[in-house]
Amino acid sequence: MDYTLKELMTIAAAREIRDGDIVFCGTGISMLAAMAAKNISAPNSVIFFETGAIDSLLEEVPLAVSDSRVMFWTSVNGNLADAFATMQNRITGPHVVGIMGAAQIDKYGNLNSTAIGDYFSPKVRFSGSGGACDVASFVGRTITFMQHEKRKFVQKLDYITSPGWLDGPDGRKKAGLPDGGPASVVTNMATMGFDETTKEMFLTGFFPGITPQQILDNMGFEIDVSRAKEVAPPTAYELQILREKCDPQRLILG
Amino acid sequence: MKICNDKTMSLKEAVQKYVAAGCHMSIGGFTVSRNPMAAVYEIIRQGINNIHLYAHSNGQGVDELIGAGCVSRLEIAYAGSGRFAPTCIRFKKAVQSGDIVVEDYSNYQMTLRFLAGAMGVPFLPTRSSLGTDIMEKWGFSAKMRAADPRLPDQKLTVMENPFGSWGDAPKLVLVPAINCDVTLIHAQKADREGTVRMEGLVFSDIEQVKSAQHVIVTCEELVEPDDLKANPDQNQIPSFCVDAVVHVPGGAYPTACYRYYDYDPGYLNEYRRYAEDDMLYKKYLEEFIHGLKDHQALLDKAGKDRLDTIRADQRTGYAVGLDRR
């Protein structure tokens, strides 16, 4: 079965979403992963956006979280104050899984989406937090999409935009953040999780044709690879749903 | 705020009256949706500069104001235009070159700041950003803040929960209220008195409106007060919050206006090409803004065929099957 890397990444992330999750998504591949999960393995998941749209039908893939396509056929069209309150809410927040992306990540899953170099005189400026810091602060678990490159998996972030496990097992508690935190990372080479005790990133799966050593060669820090298994390629059914139902115009899949 | 039974005026007049050099201004909408673009272009045309701009997540409006040199300081959570420009290009250039000073917050924090302003309280609490550089790094230095009476002395501050273990949140981040001189929004419907009805997502437009000294509303349709009163639960903004009502069909173009038109992928892609090059961008400003009399001229330049392709479908509120590559 032929498939592209992007299709595999999308499916790998979609498999992390559980039936009954409230799924917060951003733009691009994260939205597609949420759509794939809902159509394949998590029919009772509810997709929602920071802009306030809840349970959008998504007949066409939106290109931004404010796209009119997220407003059509929803259960509720709310606003930003509501959307973020849903995540900070002590009853609903723990049921939310947030899908994120970033320019840099460290071994504790902290994310930088603000600037490379000195914040006060940046070499490269990015969009900034948007809702990412809020999601990472509040929700039960997060899944992060990353490109697997040395300059992106770094020892020390240039700027901490969104909190992961901060500096280790007690980091969030010390800072005063709610429980919850990063659950997994999906890249163009692998899937990773965070150790229950140390909260450090470790390799959970490598994509077909990729070795754990290649993965390590593309990271700025060491991770445990002893628990990793090969990631199952997308099934014919997963691909069919993804291609025909989620992104028939291949706006995100390319 | 203003109490008057007819606030309609031209966009030129509204901008002359309520937007001044050095003012504190916020714009509504979100990334590529319902940005008050006609008003943004009019501000650029009038050459108003040194604006202190506030937004939560904004794309096209923020980028064009920065690109045209209207902005000196920016408080924002996110500057991007979805897939068309994941990071706004003129914003990126201006921050990297030091042409504007930026203060970063999260989206919820910006929303809470507008809400605090709308509620008349000096700050609101949240658990967001504990342990991050949003707390640690201040784009506006303590010195700059102390010297400017329009800025709070601190970007934000942390407090212990004064109710002890109540609510199970040991620490809270307090974010300061925003009260702008003027907020600009684009809505689907308004009446001459200033009552506003938005359709689809309202983003944080209501908080942005209610926290501002003055408000300019541009609208797709100017309707009779009785038309809005017939279904009052669909209206969001009471007339007294609004100072100017301007009828500008297509006023969010090239961003989307739910149930009226989609964003224009052609324009946004073309804009990106202009924005990436300083010389080309000068040409863009001349050809698409300064060289045009008003927003209608921009719509005429786009042409009927192009506008037909982005016209919203009645069932969905967007242009079904639009080529968005």
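Points to keep in mind about this one:
- Highest mean packing comes first when the peptides B:144-155, A:113-124 are listed by Cβ atoms within 10 Å, giving A:113-124, B:144-155.
- Orientation-averaged projection of chain B equals 17.6 nm² [convex hull of Cα atoms, one quarter of hull surface area].
- Cross-link partners of B:K283 among aspartates and glutamates (Cα-Cα below 19 Å; sequence separation of 8 or more within a chain): B:E42, B:D63, B:E64, B:E270, B:D294, B:D300
- Projected label points at B:L174 and B:M279, each 7 Å from Cα along the beta carbon direction, are separated by 5.4 nanometres.
- Exercise: per-residue mean of other protein chain Cβ atoms within 10 Å, B:24-34: 3
- Each of the peptides A:10-21, B:79-90 was scored by the mean count of other Cβ atoms within 10 Å over its residues; in descending order, highest first, they stand as B:79-90, A:10-21.
- Accessible surface ranking for B:R311, B:R127, B:R325, 1.4 angstrom probe, highest first: B:R325, B:R311, B:R127.
- B:D226-A:T4 FRET efficiency (beta carbon distance; Förster radius 56 Å; 0.05 resolution): 0.50
- Overall form of the stretch A:30-180 per C-alpha gyration tensor (a/c, 1.5; a/b vs b/c): prolate
- Using a probe of 1.4 angstrom and keeping all protein chains present, the accessible surface of the stretch A:1-88 works out to 32 square angstrom per residue.
- The mean number of partner chain beta-carbon atoms within 10 angstrom of a residue's beta-carbon across peptide B:78-91 is 5.
- Available extension along the chain between A:K156 and A:T197 is 12.7 nm, counting 0.36 nm per residue and deducting the alpha carbon span.
- The lysines whose alpha-carbon is closer than 16 Å to the alpha-carbon of B:K92, local same-chain residues fewer than 8 away aside, are A:K123.
- Listing of the stretch B:220-260 residues, each with accessible area lower by at least 40 Å² in the full protein assembly than in the chain alone (probe 1.4 Å): B:Y258
- Measuring against 29 Å, Cα to Cα, the residue pairs B:K12/B:K210; A:K173/A:K229; B:K137/B:K282 contain A:K173/A:K229; B:K137/B:K282 as the ones spanning a longer distance.
- The stretch A:115-158 versus the stretch A:45-108: alpha-carbon centroid distance in Å: 19 Å
- Size descriptors for the protein assembly as shown (Cα atoms only): Rg and Dmax, in that order, 23.1, 73 Å.
- Assigned charges on the beta-carbon of Lys, Arg, Asp, Glu; the protein assembly as shown dipole about Cα centre (debye): 660 debye
- Our helix-only sum for the protein assembly as shown, with -39,500 (n - 2.57) per DSSP H run of n ≥ 4 divided by its residues, gives a mean residue ellipticity at 222 nm of -7000 deg cm²/dmol.
- Prolate/oblate/rounded call for the stretch B:199-262, Cα gyration tensor, a/c under 1.5 rounded: rounded
- Counting Cβ atoms of other protein chains within 10 Å of each Cβ in A:117-126 and taking the mean gives 5.
- Separation of alpha-carbon centers, the stretch A:190-226 and the stretch B:80-97, rounded to whole Å: 32 Å
- Remark: the Cα gyration tensor places the stretch B:56-204 in the oblate category, a/c being 1.5 or greater and a/b not exceeding b/c.
- Between the stretch B:199-246 and the stretch B:134-155, the alpha-carbon center distance in angstrom: 32 Å
- Charge dipole (Cα centre; +1 on Lys/Arg Cβ, -1 on Asp/Glu Cβ; no other charges) of the stretch A:26-84 amounts to roughly 120 debye.
- Label-reachable residues, the stretch B:66-102, where backbone N falls under 14 Å from a point 7 Å from B:H290's Cα toward its Cβ: B:67-70
- Rounded to the nearest 5, the antiparallel percentage of DSSP beta bridges internal to chain B is 30%.
- Solvent exposure, largest accessible area first (probe 1.4 Å, DNA, RNA and ligands not counted), of A:W165, A:W73, B:W138: A:W73, B:W138, A:W165
The values are calculated or read from the model by the stated rules, or taken from the named source; none is laboratory data. These figures come from a predicted structure and were not determined experimentally. Every residue, glycine as well, gets a Cβ built from its backbone with ideal geometry; the counts of neighbours run over all protein chains shown. Calculation scope for accessible area: heavy atoms of the full protein, side chains included, ligands and nucleic acids excluded. Shrake-Rupley method; radii C 1.70, N 1.55, O 1.52, S 1.80 Å.
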